[in-house]
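Everything below concerns the one structure shown next.
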Amino acid sequence: MSEQGKGSAASASAPAAPPAAPGSDTYKGWLFKWTNYLKGYQRRWFVLSNGLLSYYRTQAEMAHTCRGTINLATAHIDTEDACNIVLSSGGRTYHLKASTEVERQRWVTALELAKAKAIRMMNDQSDDSGDEEPTSQSDRSEIQGTLKILVSKLDDLSTCNDLIAKHGAALQRSLSELEGLKVPLEGGEKIKAVNERATLFRITSNAMINACRDFLDLADTHSRRWQRALQYEREQRTHLEETIEQLAKQHNSLERAWREAPTLVSNKPSAQTTNKGSERPLKEDASDEDEDTEYFDAMEDSPAFITVTATDNTQHRRSSNLSGASGGHPSDWIQDDHMSPGCNDVSGKELQPRRRRRTHIPDKPNYSLNLWSIMKNCIGKELSKIPMPVNFNEPLSMLQRLTEDLEYHELLDRAARCDSSLEQMCLVAAFSVSSYSTTVHRTAKPFNPLLGETYELDRLEEFGYRSLCEQVSHHPPAAAHHVISKQGWTLWQEITIASKFRGKYLSIMPLGAIHLHFQSSGNHYVWRKVTSTVHNIIVGKLWIDQSGDIEIVNHRTKETCQLKFSPYSYFSRDVPRKVTGVVSDSGGQAHYILSGTWDDKMESAKIVQSSRGGSGSEGKQKTVYQTLSPKLLWKKYPLPENAENMYHFSALALTLNELEDGVGLTDSRLRPDQRLMEAGRWDEANSEKQRLEEKQRAVRRRREAEASDALDDGREYEGYQPLWFHQRRNSITGETNFVYKGGYWESKERQDWNTSADIF
């Protein structure tokens, strides 16, 4: 929906002369043409004339520079969706987009009519030789000579046919006379068979002569068409030579202009700032959308909407987008003048770091992965016993990756101080998006936690929160997470990972709800994660995308937030990794528009007025929202220096595996294979990883044997029970999941780990 909106805005912002009717000889207008991955779709001026479709960057370029031409006589016209047009001819393909479905249909009609006319012009020329100029005397002589030879051969075949017919008739008369004689029965049958064969022979020879005559007629009919095709190819060659010569001249002129550019710029320093009219030609290559209008993709289950920024004389929307976006520091986020003072209060920031954390880890070794060495170790083994090398991993466990969701905990600290639940919802939505910001370059998989493995992150003195994760199940793998903060919020979740390998990509679907509770207001938020997709599993460079919808519900007030993660599309002109959303009250009335990308930043815009607009291309009525200028909610922290050699870890991720005193005996920091991998000793890490997995299998076999013995004895076997979490039914969602039962931090204070299992 946003693509059509953008196109509509672009057309409205720079109106062109109305194009001719689709049935006329010439048709002109603006279309969006796909250029490349970096620039996406760019607005171009297209001219359809005499069966040729040409395009220019601007209308002024029509006088001197054509950017490309495609001949419709040999082109294939295809339509992908409501606004897309694909033209292909030979090895050249144009991907075009119209601003609306109606405009697309006008162009398709004009293109089809022009193509039909071009084909008629090429194929249905008059056969009168006096109206045509011969291609050359030698070509005409060659064609005529070929026809004379064919006629001569046909005459020879006709003579042979006459002779065959004459002798065949005589043969049939002789055979008929033989049939009349009194001969034995067997001889009569043979004579009859010979007579039938003679008849078939005569029929076949007549068919051959007729086929030869048809061939001669066809050759004579198409001779002029061959002649015209040859002439057309020669004209194309001449046109190509002229185009190459023109390009060479333009190349030379561009080189001269580039050399003279510094002089021109220095002589006209205020050309773009003093004259608004002269600014437009310099921006023709970019989108000509109205800067005060922003379009969003609609939710799948909600009507399409458009947002229009209200006029603000003191601050332009574009400048507000950039404010606070340079450093990515939490203090830069606190500038939302349309939010309540509580949301911007920083009174809770008196907690300052008291410990210096590490800022780097050993560089990732440059080990090549020998697939054969992996495969030969798998021969004859059960699938569950195949060891996967650490080459595919990063030196963090899944529990630590789950803890990385807290990198932007300041958003929840601010949300806890909000007086308005709707403003609080905006910050909670930004927090839910921020958890994906670390995944954009993280294509390596984390270590699968062992059953009973835990991970704690104690930042109580520094940031006021404590986090604990435990692997509560192995089949299926499930982890429970609990966080409590002095700032007045508690977060908990149980995540089970489901994955599907689909050939070229791997879909990772986190199952389970995330709960967030604010003590002061009693607001209880629940949401679920979207699907992560790892592309190019077999061939190519791995890359990750996030797609799907998130619905955040405040179960106390029934307010909702609908977030849409747009999947990446090569042909989309939207920004990659786009996220849009709407915050609505319990009655369904929208109050805030959210927009941004999951790898960079999120903004919110307060809605001041809404109205029903016209129908979109799919017949759905669009809602137009007038909003205040967008304000920055969240900005991603820059990655540490040399991050590309440290598994693209963020500043928080670099500290997660740092050894700390007093942690539990099952903490991921103490996992030996993970520590060896971080130190760069991958061969030893692979051996240790195999040992740990075999130890876990032995423990599982022992439990299965105990369960079997209990069944034989008629006793009830409880099975494995997590140490710090237990299952409880949630009164809000109705689901049964693992929640923190307490005791861990008290055991840490006493350093009493007697109940912990020996898993390492």
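Some observations on this one:
- Positive minus negative residues near ASN554 (Lys, Arg vs Asp, Glu; Cβ under 13 Å): -2
- Placing +1 on the Cβ of every Lys and Arg and -1 on the Cβ of every Asp and Glu, with no other charges, gives segment 622-760 a dipole of roughly 840 debye about its Cα centre.
- Greater than 28 Å apart at Cα, pairs in LYS500/LYS635; LYS558/LYS631; LYS33/LYS631; LYS28/LYS578; LYS504/LYS564: LYS500/LYS635; LYS33/LYS631; LYS28/LYS578
- Kirkwood hydrodynamic radius computed over segment 167-248 comes to 17.9 Å, based on all pairs of distinct alpha carbons.
- Computed E for GLU684/ASP713 - FRET, C-beta separation, R0 56 angstrom, nearest 0.05: 0.80
- Amide H contacts under 5 Å for TRP634, placed H, 5+ residues apart: MET602
- With θ taken as phi - 60° and the Karplus curve 6.51 cos²θ - 1.76 cosθ + 1.60 applied, the whole-hertz 3J(HN,Hα) list for segment 49-62 is 8, 6, x, 10, 10, 10, 9, 9, 5, 9, 5, 5, 5, 4 Hz, x standing for glycine and proline.
- The calculated FRET efficiency for the pair GLN721 and ARG701, based on their C-beta separation and a Förster distance of 25 Å, comes to about 0.85.
- The Kirkwood radius of segment 686-760, taken over pairs of alpha-carbon atoms, gives through the Stokes-Einstein law at 37 °C and 0.692 mPa s a diffusion coefficient of 211 µm² s⁻¹.
- Taking θ as phi - 60° and the Karplus parameters 6.51, -1.76 and 1.60, the scalar couplings of segment 237-248 work out to 4, 5, 4, 5, 4, 5, 5, 4, 5, 5, 4, 4 Hz in sequence order, x denoting glycine and proline.
- Environment charge at LEU659 (Cβ cut-off 11 Å; Lys +1, Arg +1, Asp -1, Glu -1): -2
- Note, ³J(HN,Hα) from phi for segment 635-646, Karplus 6.51, -1.76, 1.60, rounded to Hz, x at Gly and Pro: 9, 5, 5, x, 5, x, 5, 6, 4, 5, 9, 10
Any read-out appearing in this document is the output of simple, stated calculations on the displayed coordinates, not a laboratory observation. Predicted model only: the values in this text are computed from it and were never measured. Because the Cβ atoms are built from the backbone with ideal geometry, glycine has one as well, and the counts that use them run over all protein chains shown.
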